[in-house]
Amino acid sequence: MKFIGIIPARYASTRFPGKPLALLAGKPMIAHVYEKVAAVLDDVCVATDDERILRAVEAFGGKAVMTSSEHKSGTDRIAEAVEKVGGSFDVVVNVQGDEPFIAASQIETVCRLFDDEQTQIATLGKPFTQMDAVENPNSPKIVTDNQGYALYFSRSVIPFVRGKERNAWLQHFPFLKHIGLYAYRTEVLRDITRLPQSPLELAESLEQLRWLQNGYRIKVGLTDVETIGIDTPDDLERAEEWMRRR
């Protein structure tokens, strides 16, 4: 199968404007992400709506395409980018532009899920180790069926462990954290971008619920790697400190 990695990167951000161009260890964050993806996949492209990001990517030798500033989701931006890149790809891998510590093993795990021809969409989950992290609404949870397909994603703690003290829930159920790395068969990507927002998606503000509610299946791979997403300038400072310690 032929894979392409698309990295959506917007300049505008409420919490961190210009985030893709923020310097981390002397390089723009988008360069770190690009290098991680390019180490695994032969074809990589940044999808952006800002000329500054386009020029920055081209300056370090990467490939980028301009996409509409009207997209409501990264998935829509990725679909447009795939059309502009051209060529024939079986699977599109979506790596967020604020994940400079994404691991090669995580990208490889998602790609391997497409060895099963039934896989339409794939993502990752990581077992939680702390109950306070499970209770964080900014860290979506996944429950899966016995074949590893997602049953539901939620910002709430799912499932509810009845009859046990809340601080002991992790001892009774393997809560699973959602890692926001996605991959889609190309034809499925085209289809899901045509779907209207669904009630579950609007309720939880989780786009993947639109796909589940419309009958698409999401295969969940497992990882034990903890990545550091960067949402704010404070996150960037912590990432710099983490890299210095390494």
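Quick check: anything in the stretch 129-150 touching a strand residue (DSSP E or B) at 6+ places or on another chain (Cβ under 9 Å), in a helix (DSSP H, G or I) and either surrounded by fewer than 18 Cβ atoms within 10 Å (Cβ to Cβ) or assigned by TED's automatic domain parsing to the domain that holds residue 203 (or both)? Among the residues of the stretch 129-150, at least one is touching a strand residue (DSSP E or B) at 6+ places or on another chain (Cβ under 9 Å), in a helix (DSSP H, G or I) and either surrounded by fewer than 18 Cβ atoms within 10 Å (Cβ to Cβ) or assigned by TED's automatic domain parsing to the domain that holds residue 203 (or both), which makes the answer yes. When residue 179 is tested against (1) buried (at least 16 other Cβ atoms within 10 Å of the Cβ); (2) modelled with pLDDT under 95; (3) more than 16 Å from the chain's Cα centre (by Cα), just one condition goes unmet, and that condition is (3). There is no residue in the stretch 233-244 that is small (Gly, Ala, Ser) and assigned by TED's automatic domain parsing to the domain that holds residue 126. Per the listing 130, 118, 96, 147, the residue uniquely under 12 Å from the mean Cα position of the chain (by Cα) and polar (S, T, N, Q) is 96.
Determine if the stretch 97-114 includes at least one residue that is surrounded by fewer than 16 Cβ atoms within 10 Å (Cβ to Cβ), farther than 27 Å from residue 24 by Cβ and acidic (Asp, Glu). No, there is no match, as no residue in the stretch 97-114 is surrounded by fewer than 16 Cβ atoms within 10 Å (Cβ to Cβ), farther than 27 Å from residue 24 by Cβ and acidic (Asp, Glu).
Among the criteria (1) surrounded by 16 or more Cβ atoms within 10 Å (Cβ to Cβ); (2) touching a residue at least 60 places away in the same chain (Cβ under 8 Å), the one residue 190 does not fulfil is (1).
Against the criterion of being of a type in the set (Gly, Ala, Ser), in a loop (DSSP other than H, G, I, E, B) and in contact (Cβ under 8 Å) with a residue 60 or more places away in the chain, residue 125 does not qualify. The set of residues from the stretch 63-87 being under 11 Å from residue 9 (Cβ atoms) and among the small types (Gly, Ala, Ser) comprises 64, 74, 81. Of everything listed in (1) in the same structural domain as residue 214 (by TED's automatic domain parsing); (2) under 18 Å from the mean Cα position of the chain (by Cα), the single unmet condition for residue 185 is (1).
Set side by side, the residues 150, 133 differ, and just one is in contact (Cβ under 8 Å) with a residue 24 or more places away in the chain, hydrophobic (A, V, I, L, M, F, W, C) and within 28 Å of residue 1 (Cβ to Cβ), which is 150.
For residues in the stretch 1-20 being surrounded by fewer than 18 Cβ atoms within 10 Å (Cβ to Cβ) and aliphatic (A, V, I, L, M), which is nearest to residue 111 (Cα to Cα)? Top of the filtered list is 1. Pairing residues of the stretch 76-97 that are under 22 Å from residue 18 (Cβ atoms) with residues that are among the basic types (Lys, Arg) and crowded, with 20+ Cβ neighbours inside 10 Å, at Cβ distances under 9 Å and at least 6 apart in sequence or on separate chains, gives 77/10; 95/36; 97/10; 97/19.
The values are calculated or read from the model by the stated rules, or taken from the named source; none is laboratory data. Everything numeric in this text was worked out from a predicted model, so none of it was measured. Counting neighbours? That spans all protein chains shown, and the Cβs are built from the backbone with ideal geometry, glycine included.
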